[in-house]
Structures are given as structure tokens and as C-alpha cells.
Amino acid sequence: MADVVFVGTGKGAVALRRNGRGWTHDGLELQGWLVTAATQGPDGRYYIGVTSDVYGCTVVVTDDFKTYTPLENGPRYEEGERGNDMHNRLMGAMDPMGAKQATQRYVDQIWKLHSDSKRLYAGVSEAGLFVSNDLGQSWQPVKGLNDHPSRDNWNAGFGGLCCHSILTDDVNADRLWVGISAAGVFRTDDGGTSWVSANEGVSSDEGYCVHGLAHDPQNAGVIYRQDHRGFYRSDDGGDHWVLIEDGLPIAELTDKHKCVFGFPVVMNVETDSVFAIPLAGDNFRFPKDGELAVFRTRNKGKSWERLDNGLPTEFYTSILRGAMAIDQGPAFGVYFGTSAGQVYASTDGGDTWREAVQGLPKVLCVESFH
């Protein structure tokens, strides 16, 4: 079970610690920063992605979730790299200082930090992937993805053109997957030199707008995917995808397409349990009928269970793609935060839930750490 549930918000972060059946924290840290990603590095330290309108993006490190030290270097595109016009239009509306050039490719947010046994990865917007082999002291662009031949055809989603999901393979270190909204899933089998689109079987009317990915790194080819237009599983590393929506609430999107719509997906690999939080569609972005529920499958999506014991029945806000986390091991917790600043926690694998904290700014990321 987690020792710390780290919650990043639009105005700082809190580190929740269990206190009996409840949770405590020491107040809002990193105040004034957009806190968007977190991971534990190969060295055991914790790496946090933050953004400021004034100072831009960087990574900070902590050993205790009390003292945070910024790294000197963060992931950056080179000056002169051409940006995506659609992304820059969206992000230009969020640039109050007017510091960005309309055509430049920028790292304006760190959407995902991920670690394997040797290195750190950062998924960013404008969509791209960076890797650090020296614990964040320097970051190298993964040019095979960042300059992919299809890049001119990538479309920005509502939140911009962002690389928000990173999966690695514990058996084959040369194999990785990323999820990009709204360009889809890409896989490399040669350590990042070349990448293939891995989207066959997924409805493409939204440009393969993947919302979230989860898998077991020890059995990496079986991947779960929450998409804008459905919930899918692949058994062959992303070469083919099938819908696994039996038992999940179906939404009607604004274009009348009917599917499961939502953002986060997480997996406990010990029990082969996968969790999702479906929403009422792309126009509402809150649970159907305002009844908050988490759904669990323990048979690879053949059927799903509704888990709502302890969750509210009048709930009209969203859960974002990075705002859900899960412990590993046979006895595990599940945690998620909302756009209204609540965090809900289950310490029995999703069977029952309690509100861990309320009154936070919009929750952007949740991670559990031991």
C-alpha cells in the first residue's frame, strides 16, 4: 500500500500520508506552479514536472516531499524547430506573458514522467519524447518520434498536441510505446530510432485521439487503451485493437458516435485488474447521471464491475487523464482526483472508497509511492 499519494494541481501539490483510516498532508507545496507529472527515478528520488507562466517548464526533485530542488536543465526543443500551428494557436491563448513565437516548437508542459531501471523519460507538449541517462541532469530529444515523417499530419486535441502516456517493456528495453493526443499510439522496437503507428482497429474520426494507456511491463504486449472513441485492448503490442466495452456505460458523443468515453486507465499487474472511470461524453465530461463510479475488470475486459461504494451520487465534474494512480502488489490501493479538487482513495482494490481530501485546486496528476 502507498506510503505517499502525490497530488499535483493547477496551483501546487500535496503529499497525502495515511493516518489510520484517513489521510493527512502538510499543506500545499510548490505553490504557484502547475504540477503535472511525477515518477520515482532509478536512484529512488522523486522527480516532479512543473510549469510556470513566467519561468516555463522544469523538473524538480525531492527525497521527502517537503524540500524540492529544481534541476538545472529540463527537456527543451532547439531554437528554430517548427511548431504545430494548431497547437500554437491553442497555447497562445494561455501565454499571458506573450513570450512565445507563433511558429517555434516549445515544451510548454511536461505531461508524463516515466522511469525504467536505468533512465528517465519525459512526454511533453508540443508532443514529443525526451530521455535522460543521467538522472535529469541533461535531456536528449528522441528524434525518431519528435521528427516522425507523419508529424505534419498530427492534430492537436482540446488540450493541445501532447505526449501524455509512456509505456516500457521490462523484457525488451528497446521497445516503448507513447500515446499522443490526437495522433494516436506509436511504438518503437529499436530503442527510439524508428517508430510505427499502432492504431489498427481504433475509430479514427477524431484522429486516433488516445486518452490513456496501461499495461504490465512484464507482459508488455497486452495493452489497455481509453480512447476518445472507445475502450480497447491489444494483445500484440498495439498492432491490432479490439473494443472491450461490455459492462461499461456507453456515451453518445457530439457527433452521435456511441462508445465508452473517459480519460484515465490504470492496472494492478499482480491481480490483472484494470480500472477506468467512464464519463457521459465529450460534451459533458462528467459521469452519467452525475453518479460517480469506477469500473474494474479482472478478465481482460470480458466483463466489468461497477464500484461506487462511498462515492457521491451528485457529481458533475471531470477526472483528467493523469489524475488516477494504483499501487502494485496483491493488496493494493487505487486513487483519483477530480477537477473540483477532491481526492478519493480505496485501500481494498476498489471495493470501497473514502474522500481523502477536498478543497484543492484542479487535480492534474496523481501518483502513489512506497
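The values are calculated or read from the model by the stated rules, or taken from the named source; none is laboratory data. Every value quoted in this text rests on a predicted model; they were computed, and no experiment measured them. Cβ: placed from backbone, ideal geometry, glycine included. Neighbour counts: every protein chain shown.
Filtering LEU90, LEU129 for residues that are among the aliphatic types (A, V, I, L, M), modelled with pLDDT of 90 or more and either surrounded by fewer than 21 Cβ atoms within 10 Å (Cβ to Cβ) or not in a loop (DSSP other than H, G, I, E, B) (or both) leaves a single hit, LEU129.
Where residues in the range 11-33 are part of a strand (DSSP E or B) and more than 24 Å from the chain's Cα centre (by Cα), which of them is surrounded by the fewest Cβ atoms within 10 Å (Cβ to Cβ)?
To start, the set of residues in the range 11-33 that are part of a strand (DSSP E or B) comprises 12-19, 22-24, 29.
Then keep just the ones that are more than 24 Å from the chain's Cα centre (by Cα); that gives 19, 22, 24.
Values: ASN19: 9, GLY22: 13, THR24: 13.
Among residues in the range 11-33 that are part of a strand (DSSP E or B) and more than 24 Å from the chain's Cα centre (by Cα), the one surrounded by the fewest Cβ atoms within 10 Å (Cβ to Cβ) is ASN19.
Check the range 285-301 and report whether any residue there is more than 22 Å from LEU248 (Cβ to Cβ) and not hydroxyl-bearing (Ser, Thr, Tyr). Within the range 285-301 (the criterion being more than 22 Å from LEU248 (Cβ to Cβ) and not hydroxyl-bearing (Ser, Thr, Tyr)), the answer is no, since none of the residues qualifies.
Condition check ((1) assigned to a loop (DSSP other than H, G, I, E, B); (2) closer than 24 Å to ILE326 by Cα; (3) of a type in the set (Ser, Thr, Tyr)) across all residues:
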position	(1), (2), (3)
GLY247	yes, yes, no
VAL265	no, yes, no
GLU270	yes, yes, no
GLY281	yes, no, no
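Look at (1) among the acidic types (Asp, Glu); (2) crowded, with 20+ Cβ neighbours inside 10 Å; (3) assigned to a loop (DSSP other than H, G, I, E, B) and you find that GLU367 fails only one, number (3). Answer with yes or no whether SER339 is in a loop (DSSP other than H, G, I, E, B) and touching a residue at least 40 places away in the same chain (Cβ under 8 Å). Judged against the criteria, SER339 is not a match. Candidates in the range 46-70 are the residues that are surrounded by 17 or more Cβ atoms within 10 Å (Cβ to Cβ) and not in a strand (DSSP E or B); of these, the one that is farthest from the chain's Cα centre (by Cα) is TYR68. Please indicate, with yes or no, whether at least one residue in the range 137-147 is touching a residue at least 60 places away in the same chain (Cβ under 8 Å), under 21 Å from TYR47 (Cα atoms) and buried (at least 16 other Cβ atoms within 10 Å of the Cβ). Yes: one or more hits.
Scan the range 152-192 for residues that are among the aromatic types (Phe, Trp, Tyr), outside any strand (DSSP E or B) and crowded, with 20+ Cβ neighbours inside 10 Å and the total you get is 1.
Kindly establish whether ASN268 is surrounded by 22 or more Cβ atoms within 10 Å (Cβ to Cβ), modelled with pLDDT of 95 or more and farther than 27 Å from ASN155 by Cα.
Yes.
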